[in-house]
Every structure is written in structure tokens, then in C-alpha cells.
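Structure record follows, encoded as C-alpha cells.
The values are calculated or read from the model by the stated rules, or taken from the named source; none is laboratory data. No experiment lies behind these values; they were computed from the predicted model shown. All Cβ positions, glycine included, derive from the backbone under ideal geometry; neighbour counts span all protein chains shown. Each accessible area value is taken on the protein alone, full model and side chains, heavy atoms only, with ligands, DNA and RNA left out. Shrake-Rupley method; radii C 1.70, N 1.55, O 1.52, S 1.80 Å.
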Amino acid sequence: MKKMIVYLLLALFPIILKSQEYVPLAVDDAHWFVAYNDHELPLPCENMWEYFVNGDTMVNDIEYKKVYRFYLESDTSEIPCTPPFHRTGEPELIGLIRDNIEGKKVHAILFEAVALSFCPLNEEFELYDFSLTQGDSINICLSSFIEGDTVMSSAMGTAFGIYSKHIQSSDYYYTSMYEGIGSDFGLFEPFFIPVKHTNTFNTWLYDYCRNDTCELLVNIKNYYYQDDYFKLFPNPTKERFELRFDAKKIVNVGIMIYDNIGRLVYKRKPERYEKGENSIKIDLIKYSPGIYNCVLQIDQNKTVTKKFIKL
């Protein structure tokens, strides 16, 4: 009987290995630290930003992970781009990502343009294709301006502590793409290395981690979207969204919604709410697709802003 169990496990072992071959990219608590360099400056890095994954959403009955962006500042003011960093401003919902595990591909929806990228906005596109092998053409929008870009090599390796498939392109930029991570240039950043002359720049993946204790950050817990004030969901949304808040902390609430060029498209005068859980539903059917800011006026002159996407 024991021999039969061993034979069965051995028979299943290749199947188990096959299911574990692909390393997913769209996972909660993944962080990408992307650096930007203006080649006119002597410093190695002008500024940095961070992408991080937190939470799920549904678009056209397909599940995605939400990708937020924070801009970063160094705690060492004398030398920019030196860790540790702290986040500045509010998190921006920049896009959505999902893995096609069977096809070994990553799909995305971007809500904001990335410099020099040919990737479309507000519609799904193929972000990475890790099914490629040596000699295959690289037909993704991150490299779409490079004619004839092909795979030079494909092998397993370790990058940023993740053991996965590595793909290197053959033409011009010799870009490395890392399964489960992205590329040398970042997450959504196009494969572009400029010639050093006036008005040229470059981005690169400074660091990556898959947990919520990244050593590069000093305040990584400070991004949970004003949960002490209110929650806005679903986000993105097609027809309506709901605001929920606890009137133990908020008594008077007014609502203003602005479009992406700053026009006021919705206003609700401040009202007093009874203590306890409260919710407000807002219909968005008549509004055009795009990025909006929902501003809550809470108790006298205090405001809280939440960005949302209308699909």
C-alpha cells in the first residue's frame, strides 16, 4: 500500500511542478521602487516613486489587483535617492493588473499615462509575456517602438530575492524582464535608454519587495486610504459608488466631486449624521469615463480627498 502511495506521488510530482512554474506578478503587498534620472544632472537620481498592490476589484467580471503609486523623498537630504524613504502626498490609483497563469502573461489597465509609453489608457492590454522563448518576437506595448525586438535568452534566475524566469531582449536595449517582477525599467515604464544629450532621461527599477516590511521605507503603514474617515467602493466603478463612514468620528459631511481638469461636477451640502455606520450612494451614469476626485468636507474646515475611476 505504501509503495502505491509513493508511485502515485511520483506520478503527480511533475504536474505539481508544472503548476508552480509560473511566478505571479499581481500579488498583494508587492512594492516596486522606480528611480528617475535627468541626464543633465550630475546626481544619480532626481526623484523616485513607488507602486504597491493592495486589494481586488472587478472589471467586466474579471478580477484584478489594484496598483497604487506614491512619490518618495529621501530622509538623507544631502544625497537624493538614498534610503530610507518616506511617502509624500496621497496614494494614487494608477492602474490594475492580473495574471493569466495558464498563458504566463500579465494584463493591465492604466488610468494615467506613463512617459514615452505606447500602452493604451482605460482598456486592458498585455503588459508582459513570460511564455516567450529564445528567438520569439516581443510584441508588447512597453517595447512597441523597437522594431524587430526579439528574445536573446530565456533562463531561470534570481532577482530581488525572487527565483523565476528571466527573459532578455536582443535588440538595442538588451532589456531584462523578470517573471513575477517586471523589467529593468520598472513596472509600467517603457523599455527606453536615451542617448546622453539635452532633455534626455531614464527610469530603472531601484528595488522590489514582496512584503509590508520593506526596509527602504520608514512609514510603510501610512497608506490605508483614510479608513478612519471613510471608505469609497467599488473603485473603479461604472454606474455608482458608495461612501461609508462612522459618525462616531464624523458628524457633518459635505461632498464635492471634481473631474480630471478640476471642474466641479457634483456638490452635496454638509449634513449632520447620527452616530453609527452611515452610507451615501452617488449615481455616476451621466458622467464621462475618467479620473475624478471626491472631496469630503468633514466637521468645519477639514477635508479628505479620495480619487476614483469612472469606467
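Applying a threshold of 7 Å to beta carbon distances and a minimum spacing of six or more residues, or different chains, the list of pairs starting in segment 148-166 at a residue that is over 12 Å from MET177 (Cα atoms) and ending at one that is in a loop (DSSP other than H, G, I, E, B) and open to solvent by less than 40 Å² (accessible area, probe 1.4 Å) reads ASP149/ILE138; THR150/ILE138; THR150/SER170; PHE160/ILE181; ILE162/VAL23; ILE162/GLY180; ILE162/ILE181.
Residue-by-condition table, conditions (1) among the β-branched types (Val, Ile, Thr); (2) within 27 Å of ILE167 (Cα to Cα); (3) at pLDDT 90 or above:
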| residue | (1), (2), (3) |
| --- | --- |
| TYR71 | no, no, no |
| PHE85 | no, no, no |
| ILE97 | yes, yes, yes |
| CYS119 | no, yes, yes |
| ILE140 | yes, yes, yes |
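When SER176 is tested against (1) surrounded by fewer than 14 Cβ atoms within 10 Å (Cβ to Cβ); (2) closer than 23 Å to ALA26 by Cβ; (3) at pLDDT 85 or above, just one condition goes unmet, and that condition is (1). Only strands (runs of 3 or more DSSP E) whose full extent lies in segment 82-158 are considered here, and none of them has at least 3 residues that are among the small types (Gly, Ala, Ser). For the residues PHE188, PHE145, the requirement of being open to solvent by 20 Å² or more (accessible area, probe 1.4 Å) and either of a type in the set (Phe, Trp, Tyr) or at pLDDT below 80 (or both) singles out PHE145. When both residues are 6+ apart or on different chains and their Cβ atoms are under 9 Å apart, which pairs have a first residue that lies in segment 98-110 and is of a type in the set (Gly, Ala, Ser), and a second that is in a strand (DSSP E or B) and open to solvent by 30 Å² or more (accessible area, probe 1.4 Å)? Note: pairs meeting the criteria are ALA108/ARG98; ALA108/GLU124; ALA108/GLU126.
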